[in-house]
Amino acid sequence: MHIGILQTGHSPEELREDIGDYTQMFQRLLKGRGFSFSTWDVVDMAFPASVEAADGWLISGSKHGAYEDHPFIPPLEDFIREAHAGKRPMIGICFGHQIIAQALGGKVEKFPGGWSVGRQEYDFGGNKLALNAWHQDQVTRRPEGAKLEASSEFCENAALSYGGHIFTLQPHPEFDEAMIDGLIRYRAPGLVPPPLIEQASQGLAQGTDSDLMARRMAEFFINARQDAHV
């Protein structure tokens, strides 16, 4: 199965040489599951020719807000709506989660409760999964027809699904310990409150359930593609 990665941002320059960009992180997360990958830097206005250029789509995180005025956002929203109408398999992570919700009629805004950084626990229908997060924006109103898949005390709409062919997730299963440590060192100071930075630092050694989420994402892509061809 050919997965198209739509990069809506780039990883910090200080970390890119060692960790890679978002596309490399997703390829590591999903390796060994029979996928091939192509990447389009939509943040730089490089878009696929059509929604049929890949079997499924994965929209990355970004430093930008979905509600901000950037040239790439309107055409990305059009792409999302076209993929949704055609029941093309799609997964959105963090910003990807937010822009899909916004494109389909939901609301995204800077959350008044502040930041969520580092290891967090989410309730997936009674199953608790720990995943790394790094965000202040949230989906505060779900689009019509969106199904709630996971929540936390801090983030009500932590995971959503749409019609069996779109799955979106607020936290970052592709962010490993090294990425969170780098964000703590290079991005958090002066931006994230010190108690949250300390909490994220303490969580580095606790581990996450990214492998379980990678399996869920892979199964979602495969099942959604099969359903689309029934």
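Let's see how each residue does on (1) in contact with a Cys (Cβ under 9 Å, 6 or more places away or on another chain); (2) among the small types (Gly, Ala, Ser); (3) modelled with pLDDT under 95; (4) surrounded by 18 or more Cβ atoms within 10 Å (Cβ to Cβ):
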{"position": "Gly86", "(1), (2), (3), (4)": "no, yes, no, no"}
{"position": "Val108", "(1), (2), (3), (4)": "no, no, no, yes"}
{"position": "Tyr122", "(1), (2), (3), (4)": "yes, no, no, yes"}
{"position": "Tyr162", "(1), (2), (3), (4)": "no, no, no, yes"}
{"position": "Ile180", "(1), (2), (3), (4)": "no, no, no, yes"}
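Listed conditions (1) more than 18 Å from the chain's Cα centre (by Cα); (2) assigned to a helix (DSSP H, G or I) are all met by Leu212, apart from (1). Taken across region 54-76, residues that are on the phi > 0 side of the Ramachandran plot and either touching a residue at least 60 places away in the same chain (Cβ under 8 Å) or part of a helix (DSSP H, G or I) (or both) do not occur at all.
Scan region 180-203 residue by residue and report those that are part of a helix (DSSP H, G or I) and over 20 Å from the mean Cα position of the chain (by Cα). Scanning region 180-203 gives Arg185, Tyr186, Pro194, Pro195, Leu196, Ile197, Glu198, Gln199, Ser201, Gln202, Gly203. Got at least one residue in region 187-205 being crowded, with 18+ Cβ neighbours inside 10 Å and in contact with a Lys or Arg (Cβ under 9 Å, 6 or more places away or on another chain)? Yes, the conditions are met somewhere in region 187-205. Residue-level check: of (1) surrounded by 14 or more Cβ atoms within 10 Å (Cβ to Cβ); (2) over 20 Å from Thr140 (Cα atoms); (3) of a type in the set (Asp, Glu), Glu77 misses just (2). Taken over region 162-174, the criterion of being in contact with a Leu (Cβ under 8 Å, 6 or more places away or on another chain) and assigned to a loop (DSSP other than H, G, I, E, B) is satisfied by Pro171, Pro173, Glu174.
The values are calculated or read from the model by the stated rules, or taken from the named source; none is laboratory data. Computed from a predicted structure; not experimentally measured. Positions of Cβ are generated from backbone atoms using ideal geometry, with glycine treated the same way; all protein chains shown enter the neighbour counts.
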